[in-house]
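Working notes for the structure below.
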Amino acid sequence: MSDAPASHDHASHDDDGFEPLEILTLPLDAWHRAKGGRMVEFAGYHMPVQYEGIMAEHLWTREHAGLFDVSHMGQLSITGENVATALEALMPAAIHDAPLNKARYSLLLSDTGGVLDDLMLTPQAPDRVYMVVNGATKYDDVAHMVEHLPDDVTLNLMEDHALLAVQGPEAVEAVERLVPGVKSLTFMQAGAFAWNGHALWISRSGYTGEDGVEISVPAEAAEAFADALVAQPEIKPIGLGARDSLRLEAGLPLYGHDLDPDTTPVQADLGFALFKRRREAADFPGAARILAEREHGPATKRVGLLVDGRQPVREGADVVDASGAAVGRVTSGGFAPTVGAPIAMAYVPLAASVPGTVVTLSQRGKAHRATVTAMPFVPHRYFRGVK
Amino acid sequence: MSRYFTEDHEWIDVDGDIGTVGISEYAQSQLGDIVFVEVPDAGRALGKGDEAAVVESVKAASDVYSPASGNVLEGNPALTDEPALVNSDPEGEGWFFKITLADTSELDTLMDEAGYAAFVAKL
């Protein structure tokens, strides 16, 4: 038995003749091992891929609450008198006129409109923006920003902080016991809190489609705080495996898989990240190309797929036309525990992107039928306030 | 009846010239939740080491190789509806396929249970 070519397991680079990169250690490394986490290399760190099993962890999160260590991601504190306006030069979000303590999703764009990273940013003060970027891209992001931002803007990569996500329908109730006041946040609101004398930055957000919070905690308090969280009956530690299946069901793209520098926000179906004021001013990187695609339609577009049968179709499989020629590509795919069937994300020709369109996928010489479907695959349960 | 193991974590039970093939307890524990199994059709000729089946966990697809040469008698039909049998009973009800062995001397290169246990202990 061995992994087939479609496997996504991270193999050692030794076999390829590359020097293995130094694997760094995150604040909760020993904590995960003590809790029985199976550690794998991910984004340059050892991270827990699972504890008791991806399926059980996935379903627990959907029903109760899961604790995800996402400390590999880059937390940045960016400061300077005109930081908000300066950041607008690199991404299509409205920032300088945005409310404080309101998180928003944005994209770091190349000059040609490709997505260099997707990120969350929160203006914390007129001269300070908090940002969370992907782990695998964080040093490139910092280099890009240092190169393009004015000298009076300062970037601090907060490597002395862990980042914990608590996700699921019972997450906020459980966290509220430890951090009173968290319940008052609504989806994408953020604020400063404290636990046992340690400063926390908490936003009501996440990447699972569930209600929940992301908590920035000083590294020295991370273990004690993680212990306090999993002491709550609703909260279990959850690995990256279930995080991936949860975000796929939620229809959320994963950088390096569903997004890359060759992809534009319009192709990726992330048009909501192009703010109206910025579209009208056409003043973000790659604006000419992106706005033209927005008006005339991109050549290919990211869609969700329901795959017939039981066999998962994974990243790298081709979308093929009637003659068998590749016309698109699966960028994420797997078995969806909540749906109980295989699902995928793929880039398909625009004409095939309409929900209900049947497409053919080719994986390891075998054809699979799939139907384009609206995302998310599992409804989002974000808390937008009491209606 | 004797049981042999490969270094790729397949097992084969041999009864006369009929072999029953599956993956080991160790293999299923490494794969995690199994969501799909593709078993070979009856009549298919397999060489020793040929790709015979595919097992898919939530995260990854893996090939299963035939521990010996021969013709497939049947794939396990139970795995179509209940692939998780490979998790719950990998070395029993979760077998993958039965094969008519072409050359029982091929089994001499495989490990016995004690040898496989020692092999896994070093992984």
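Among the GluC sites (Glu not before Pro) within segment A:96-190, those in coil by DSSP and having at most 14 neighbouring Cβ atoms inside 10 Å are A:E159.
Overall, the accessible surface of chain A at a probe of 1.4 angstrom is composed of carbon and sulfur to the extent of 53 percent.
For A:K276, which lysines qualify as cross-link partners when the Cα separation must be under 22 Å and same-chain residues fewer than eight apart are set aside? Within reach: A:K102, A:K301.
Starting at the first residue of segment A:100-117, write each ³J(HN,Hα) from the Karplus equation 6.51 cos²θ - 1.76 cosθ + 1.60 with θ = phi - 60°, in whole Hz, x for Gly and Pro. Couplings: 6, 6, 10, 6, 9, 8, 8, 9, 7, 10, 7, 4, 9, x, x, 8, 7, 6 Hz. A straight Cα-to-Cα reach below 19 Å connects A:K35 with the aspartates and glutamates A:E52, A:E57, A:D69, A:E220, A:E223, A:D227, A:E234, residues fewer than 8 places away in its own chain not being considered. Comparing mean-square fluctuations of B:I34, B:I12, B:I99 from a GNM of chain B with C-alpha springs under 10 Å, the top value falls on B:I34. Any idea which of A:M345, A:G37, A:V49 is furthest toward the positive side of the dipole for the protein assembly as shown, if Lys and Arg beta-carbons carry +1 and Asp and Glu beta-carbons -1? The listed residue farthest towards the positive side: A:M345. What the protein assembly as shown shows is 42 Å² of accessible area per residue, with the surface traced by a 1.4 Å probe over protein heavy atoms.
Of the accessible area of chain B, computed with a 1.4 Å probe over protein heavy atoms only, carbon and sulfur atoms account for 47 percent. Under a Cβ-Cβ cut-off of 13 Å, what is the net charge of the residues other than A:D127 that fall near it, where Lys and Arg count +1 and Asp and Glu count -1? Here the count lands on -1. Would you mind classifying chain B by shape? Square roots of the alpha carbon gyration tensor eigenvalues, ordered a ≥ b ≥ c; an a/c under 1.5 is rounded, otherwise it is prolate if a/b is larger than b/c and oblate if not. Cα axes put chain B in the oblate bin. Rounded to the nearest 500, the helix-only mean residue ellipticity at 222 nm of chain A stands at -5500 deg cm²/dmol, with each DSSP H run of n ≥ 4 adding -39,500 (n - 2.57).
Taking every DSSP beta bridge that has both ends in segment B:1-42, the antiparallel portion is near 100%.
Entry for the protein assembly as shown at q = 0.06 Å⁻¹: log10 I(q)/I(0) = -0.32, Debye formula applied to identical alpha-carbon scatterers, no solvent contribution. Temperature 20 °C, viscosity 1.002 mPa s: under these conditions the Stokes-Einstein estimate for segment A:278-376, based on its Kirkwood radius over C-alpha pairs, is 150 µm² per second.
On average over all directions, what projected area in square nanometres does segment B:1-57 have, based on the convex hull of its Cα atoms?
The orientation-averaged projected area of the Cα hull of segment B:1-57 comes to 4.4 nm².
Between beta-carbons, use under 9 Å as the cut-off and find the net charge around A:M39, counting Lys and Arg +1, Asp and Glu -1. Net local charge, A:M39 excluded: 0. With a 1.4 angstrom probe, the accessible area lost at the A-B interface totals about 2000 Å².
Taking the Cα centre of chain A as reference, the dipole from Cβ charges on Lys and Arg (+1) and Asp and Glu (-1) amounts to some 1680 debye.
The values are calculated or read from the model by the stated rules, or taken from the named source; none is laboratory data. None of the values given here were measured: they were computed from a predicted structure. Using ideal geometry, Cβ is built from the backbone for each residue, glycine included, and neighbour counts are taken over all protein chains shown. Each accessible area value is taken on the protein alone, full model and side chains, heavy atoms only, with ligands, DNA and RNA left out. Shrake-Rupley method; radii C 1.70, N 1.55, O 1.52, S 1.80 Å.
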